[in-house]
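The values are calculated or read from the model by the stated rules, or taken from the named source; none is laboratory data. Quick caveat, the model's predicted, so the values are computed rather than measured. Methodologically, a virtual Cβ is constructed for each residue, glycine included, from the backbone with ideal geometry; neighbour enumeration extends over all protein chains shown. All accessible areas refer to the heavy atoms of the entire protein, side chains included, with ligands and DNA or RNA removed. Shrake-Rupley method; radii C 1.70, N 1.55, O 1.52, S 1.80 Å.
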Amino acid sequence: MNKLERGDQFDLEALRKQVSDVEARGNAGQEHSSGPIEINPYARQIAEQFRDGTRSPVIVIGQLRLLELLALFSIALIVHYFWPGDGSDTLLVRAGMAAIASALTGVALQIADTYTIPALRAKLRLMPRIVAAWTIALVLTIGLFALIRGTTWAMVDAYLPWFIAGALFLATERFLVAYGIRNWARNGVMERRAVIVGGGEPAKELIRMLEQQADNDIRICGIFDDRGEKRSPIMVAGYPKLGTVAELVEFVRLTRIDMLIIALPLSAEARIFDLLKKLWVLPVDIRLAAHANRLRFRPRAYSHVGAVPMLDIFKKPIRDWDSVAKRGFDIFFTLIALALLWPLMVATAIAIKATSEGPVFFMQKRHGFNNEVINVFKFRSMYTNMADPTGKAAVVKGDPRVTRVGKFIRKTSIDELPQLFNVLRGELSLVGPRPHAVLAQARDRAFADVVEGYFARHRVKPGVTGWAQINGWRGEVDNDEKIKFRTAYDLYYIENWSLWFDLKILFLTPIRLLNMENAY
């Protein structure tokens, strides 16, 4: 992949000035987790180039599989309609043959290694392999049905147009797909964005190896390193060093980065461990480049970026098709909840309006996915002139700011129901770590200062309900232990996520909320 498209001409002196004070601050207490770290203007300029998301290769390949399966099935039925042969094949028989042939073609194309991005980018090189896969699948299907039903030459003649139509479709479709993927790669729509952690010769060697890969889909967005210029130059193989590792955390939160590649030898164990303590809170893949290590593990221990071996340290949770399944889960059950609960929501709105002045809804800024700030909807439960949009002053037992209606809807969590609209907007999930107000505190200390790795909760979308809530960790956070246990339960949920786990939490929520002990 080419270097940064708008960053080929670097002003070295300007860049040197930008990062020199950053390096001086690197170990001077800049790593306070309670607030965002200000990255230098040059890094922010680069971050602006990568704000928009990209198309996931896994999703694109999955969609292509489905397209080919449905298209080959449909082609068989269309050909049967226009060329029925001797009429011995009924529509039901041809549909069965079409289903088997389409499925076998998918298997054959997988065995032929044609469902990879490099393969999909090739316009003509793999065409014989693709046609051969289709031929083998169709011959096996016809042979199977011939053994079961017998066959005639007239029937074989009817299968020839089917073979030609399927082959023409696959050839044309794969040619167009190759053109589209190449175009997406040029425009940055379909690429894997990576940041290299660590500079010097290891990073330079890694970059050279990645650039030499045929059909490389990695876009290097920059380099971050805590070391000074003597040990880590501000330019490595044409890519700029954008700041320190502490700034990297904020950089990733401003962009859509797919992976962090640590370019350090395995012998630098202490330094790698220190880096991981800072970086594991991010919703990205974290890999350790193993190209320069003499120590070799079993082949299955490695993943590969092209031909470059990597050791997977952390993987992004709920990714690719899992994220699609979770989004479908959210929309389906949210629509059901709104259909069932709208009378309760209307009654609550009337009660709020009738008993106190002010709007029905209350919006509060909270931390969302990847630490983004989102506006979360709630039914207003406080007097308007006493409301606290920042969430800094938590509600306590007998709080005079809470209205009469507010006390009831807070205890029963009815005040949270408008967050279903946040789910439909894609800002929240039905199930996940509960979003906390941006200035939420435990005894005058920000949650992030109480719990190490607190922001790892934000590696997934926050939820309307969660594992911590149904286990009793809801309501006021008046001591350090409460936020520590809440965070521990949230992290357990992230590491053990499944749709069944979401379903379990969702159906246990109304039962567990009957315990109103900690809600006021």
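Structure above, values below:
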{"item": "Which listed residue is open to solvent by 10 Å² or more (accessible area, probe 1.4 Å) and not in a helix (DSSP H, G or I), from E427, E481", "result": "E427"}
{"item": "Candidates L311, L266, L279, filtered to the one that is open to solvent by less than 20 Å² (accessible area, probe 1.4 Å) and modelled with pLDDT under 90", "result": "L279"}
{"item": "Test result for T384, within 26 Å of N479 (Cβ to Cβ), out of contact with any Phe, Trp or Tyr (no Cβ under 6 Å at 6 or more places or on another chain) and hydroxyl-bearing (S, T, Y)", "result": "no"}
{"item": "Residues of segment 497-513 classified as touching a residue at least 12 places away in the same chain (Cβ under 8 Å), closer than 13 Å to A325 by Cα and outside any helix (DSSP H, G or I), total", "result": "1"}
{"item": "Check on M209, open to solvent by less than 30 Å² (accessible area, probe 1.4 Å) and of a type in the set (A, V, I, L, M)", "result": "no"}
{"item": "Matching option when the condition is at pLDDT below 85, aromatic (F, W, Y) and out of contact with any Gly (no Cβ under 6 Å at 6 or more places or on another chain), among F421, F379, F408, F447", "result": "F447"}
{"item": "Residue pairs meeting the criteria (Cβ under 7 Å; at least 6 apart or on separate chains; first touching a residue at least 60 places away in the same chain (Cβ under 8 Å) and in a strand (DSSP E or B), in segment 180-201; second aromatic (F, W, Y) and crowded, with 16+ Cβ neighbours inside 10 Å)", "result": "R193/F50; V195/F224; V197/F224"}
{"item": "Hey, A203 more than 28 Å from I318 (Cβ to Cβ), of a type in the set (A, V, I, L, M) and crowded, with 22+ Cβ neighbours inside 10 Å or not", "result": "yes"}
{"item": "Unique match (being open to solvent by 80 Å² or more (accessible area, probe 1.4 Å), among the hydrophobic types (A, V, I, L, M, F, W, C) and at pLDDT 65 or above) among I59, I78", "result": "I78"}
{"item": "Unique match (being touching a strand residue (DSSP E or B) at 6+ places or on another chain (Cβ under 7 Å), open to solvent by less than 70 Å² (accessible area, probe 1.4 Å) and under 30 Å from N496 (Cα atoms)) among V438, V360", "result": "V438"}
{"item": "Unmet criterion (only one of (1) open to solvent by 30 Å² or more (accessible area, probe 1.4 Å); (2) among the aliphatic types (A, V, I, L, M); (3) farther than 19 Å from R434 by Cα) for V373", "result": "(3)"}
{"item": "Per-region count, segment 245-293, residues part of a loop (DSSP other than H, G, I, E, B), farther than 16 Å from C221 by Cβ and over 22 Å from the mean Cα position of the chain (by Cα)", "result": "9"}
{"item": "Qualifying residue in segment 387-408 (condition: aromatic (F, W, Y) and surrounded by 21 or more Cβ atoms within 10 Å (Cβ to Cβ))", "result": "no"}
